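What follows is a single structure, written as structure tokens, with notes after it.
The values are calculated or read from the model by the stated rules, or taken from the named source; none is laboratory data. Keep in mind it's a predicted model, so treat the numbers as computed, not measured. When we count neighbours, we look across all protein chains shown, and the Cβ atoms used for this are built from the backbone with ideal geometry, even at glycine.
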Amino acid sequence: MQHMLMFYENEAQVAAQRDNAERAGPYWDAWNAYMGALYPTGIVLRGDALLPPSAATSVRLEGGNRLVQDGPVAVTKEQLAGYVVIEVPDLDAALSWAARCPAATYGAVEVRPVLDLSNQG
Amino acid sequence: MDGSLQEHGRRAAENAARTSYGRLLAYLARAWRDVAAAEDALAEAFAQALDTWPAKGVPANPDAWLMVAARNRLRNGARARKTREQIASGLVVLAPTETEDMPAIADKRLELMFVCGHPAIDAAARTPLMLQTVLGLTAERIASSFLVSPDTMGRRLSRAKARIKDTGIAIEVPGQDELGERMGNVLEAIYAAYGQGWDSTGNDDQTRKGLTEEAIWLARVLVELRPEDAEALGLLALMLFCESRRAARRVDGRYVPLAEQDTALWDLQMAREAVEKLRKAGGLKQPGRFQLEAAIQSVLVQSCLTGADLRLPTWTLHELLAQRAPTIGNLVGLAAATAEVHGPETGLRELAQLPEAATMDYQPFWALKARLLQQLGTDQQATASAFRRAIGLTEDGAVRAYLIGKSTQQTG
């Protein structure tokens, strides 16, 4: 089963960490170590880290009119910071990788099954 | 006045819930041979108690009152599916009257535990089933502790209860031929609950708190009901030893490994109780893995408190344990003990012999490997790489921070 792990971070909190000379090291160490533990298992199909939500642009058409806004679609405290898609036997296995993610400690990780189009005929 | 009476009623209902749930459920489930129906009826009886006790006063025998209320519901085929209004309208008919004969409730929790350890029940469902039926924990709480989705956990529990009903598993103590296996499963199930709680240590949030207290409580019930079982005593001793160090494992939110713990923070009364249980187990002359694990803990406590060099007896116990149960956890533990006696190089050689498939995502393997490589100090790159794996595989923010700190030191 393919599952997407979506990493949510509190942007203000994380920015304070990344911009602090003393705390930036452990922040990146934790992420590098997590990815360093995840990739050798060979279960990662794809994944990316994203630039902060301040770099986002949202587009929608309202009554045929284009509406372009700076920032993410939903302005919430915790924002999508990155994702991986992993191939695991079941949801339990996906959840155990989610729990190991640094974001689970100070943010949240959403786990979602990937729609399997090969079953759609 | 009125308020304090109400408060008294609410507290009495809550207290009954904590202390009597398992006894009542075991009794009802056994009589009706249907765990799920007994649970529903008991839940309604508790709801009814919360409604009526604060206003009318607590009955003389709360357990018997709850049992009669639940039994009446079972007899009337009442189910939790009914709406609250329906339940309320049935209150008058179903509420036990104080004059009704209040039966004595035999303690059938042991029988219920044995059902949870039945081989026909999926191994993954045994611990959750025990936590729910004997202690009354919710599926949500159990799901979080086991890192399973609440939906999945709910289904697993329903399936297990349906299986008890459909296959007609009797709620009784099994005969001699089955006793050993079932008891083993019961002990494993309790220890699994403790393990989940141990992992999530340091979390003060009640809803996400681990199940260590619950596991110890279950083991106490088991020891009380089967005082002649050495492994049950061994399991209780093991958990008490671990629990006695809880306060010292975290200082100001920071993780403190055993070797650096302040023994003044240990709960020595609890450790003494563990020693006493282990001694009693030893007297029964039925050796087993839980007694071995408790003995290892006992030696650790002794050497930390007295400063005595007990590395060799520790290694011997690990060796015996690994022979009896060669799990990845026990083999990594043995390698750690070997390194203490023969040095990091020998420990690393033992680690290298473990199958890669089992060690790839096993955090304690990488944590030990990193520590031993750092002690050896000959291969900086391999050390850094092992630390990265250990850091990346932990769920625990405090352990993560500790290891990141360690990984930047030059030598251990």
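Summary of computed values
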{"quantity": "Meets criteria (crowded, with 23+ Cβ neighbours inside 10 Å, out of contact with any strand residue (DSSP E or B) (no Cβ under 9 Å at 6 or more places or on another chain), within 25 Å of B:VAL221 (Cβ to Cβ) and at pLDDT 85 or above) for B:ALA36", "calculated": "no"}
{"quantity": "Those residues of segment B:294-334 which are in a loop (DSSP other than H, G, I, E, B) and farther than 24 Å from B:LEU268 by Cβ, in sequence order", "calculated": "B:ALA325, B:PRO326, B:THR327"}
{"quantity": "Boolean, B:TRP366 is away from chain A (no Cβ under 14 Å) and within 29 Å of B:ALA237 (Cα to Cα)", "calculated": "no"}
{"quantity": "Filtered residue count, segment B:121-147, keeping only those that are over 25 Å from B:SER20 (Cα atoms) and out of contact with any helix residue (DSSP H, G or I) (no Cβ under 6 Å at 6 or more places or on another chain)", "calculated": "3"}
{"quantity": "Enumeration of residues in segment B:68-87 that are at pLDDT below 75 and under 18 Å from B:ARG33 (Cα atoms)", "calculated": "B:GLY77, B:ALA78, B:ARG79, B:ALA80"}
{"quantity": "Residue in segment A:17-27 that is hydroxyl-bearing (Ser, Thr, Tyr) and either more than 10 Å from chain B (Cβ to nearest Cβ) or touching an Asp or Glu at 6+ places or on another chain (Cβ under 6 Å) (or both) present", "calculated": "no"}
{"quantity": "Residue satisfying condition, being surrounded by fewer than 20 Cβ atoms within 10 Å (Cβ to Cβ), within 14 Å of another protein chain (Cβ to nearest Cβ) and within 24 Å of A:VAL109 (Cα to Cα), within set B:ASP122, B:ASP151", "calculated": "B:ASP151"}
{"quantity": "Within segment A:45-58, tally of residues that are outside any loop (DSSP other than H, G, I, E, B), modelled with pLDDT under 95 and not small (Gly, Ala, Ser)", "calculated": "1"}
{"quantity": "Residue under evaluation B:TRP65, criteria (1) at pLDDT below 85; (2) part of a helix (DSSP H, G or I), criterion not met", "calculated": "(1)"}
{"quantity": "Hits in segment A:31-57 (condition: more than 10 Å from every other protein chain (Cβ to nearest Cβ) and touching a residue at least 40 places away in the same chain (Cβ under 8 Å))", "calculated": "A:VAL44, A:LEU45, A:PRO52, A:PRO53, A:SER54"}
{"quantity": "Filtered residue count, segment B:155-193, keeping only those that are under 15 Å from the mean Cα position of the chain (by Cα) and of a type in the set (Gly, Ala, Ser)", "calculated": "4"}
{"quantity": "Inter-residue pairs, beta-carbon under 9 Å, first of a type in the set (S, T, N, Q) and in segment B:179-192, second surrounded by 15 or more Cβ atoms within 10 Å (Cβ to Cβ), 6+ apart", "calculated": "B:ASN185/B:PHE114; B:ASN185/B:CYS116; B:ASN185/B:GLY117; B:ASN185/B:HIS118; B:ASN185/B:ILE121; B:ASN185/B:ARG126"}
{"quantity": "Options B:GLN297, B:GLN363, B:GLN302: the member that is of a type in the set (S, T, N, Q) and over 23 Å from the mean Cα position of the chain (by Cα)", "calculated": "B:GLN302"}
{"quantity": "Residue under evaluation B:SER20, criteria (1) under 18 Å from B:ASP107 (Cβ atoms); (2) among the small types (Gly, Ala, Ser); (3) not in a helix (DSSP H, G or I), criterion not met", "calculated": "(3)"}
{"quantity": "Qualifying residue in segment A:6-22 (condition: aliphatic (A, V, I, L, M) and touching a Phe, Trp or Tyr at 6+ places or on another chain (Cβ under 6 Å))", "calculated": "yes"}
{"quantity": "Residues that are surrounded by 13 or more Cβ atoms within 10 Å (Cβ to Cβ) and hydroxyl-bearing (Ser, Thr, Tyr), drawn from segment A:92-120", "calculated": "A:SER96, A:THR105, A:TYR106"}
{"quantity": "Failed condition for A:VAL73, given (1) closer than 30 Å to B:ILE142 by Cβ; (2) more than 14 Å from chain B (Cβ to nearest Cβ); (3) part of a loop (DSSP other than H, G, I, E, B)", "calculated": "(1)"}
{"quantity": "Enumeration of residues in segment B:331-362 that are crowded, with 21+ Cβ neighbours inside 10 Å and among the polar types (S, T, N, Q)", "calculated": "B:THR338"}
{"quantity": "Residues satisfying the stated conditions in segment B:344-363, i.e. away from chain A (no Cβ under 14 Å), in contact (Cβ under 8 Å) with a residue 24 or more places away in the chain and within 25 Å of B:TYR402 (Cα to Cα)", "calculated": "B:PRO344, B:GLU345, B:GLY347, B:LEU348"}
{"quantity": "Within segment B:369-412, tally of residues that are in a loop (DSSP other than H, G, I, E, B) and either under 30 Å from the mean Cα position of the chain (by Cα) or more than 12 Å from chain A (Cβ to nearest Cβ) (or both)", "calculated": "10"}
{"quantity": "Test: residue in segment A:80-91 that is within 14 Å of another protein chain (Cβ to nearest Cβ), part of a helix (DSSP H, G or I) and surrounded by 13 or more Cβ atoms within 10 Å (Cβ to Cβ)", "calculated": "yes"}
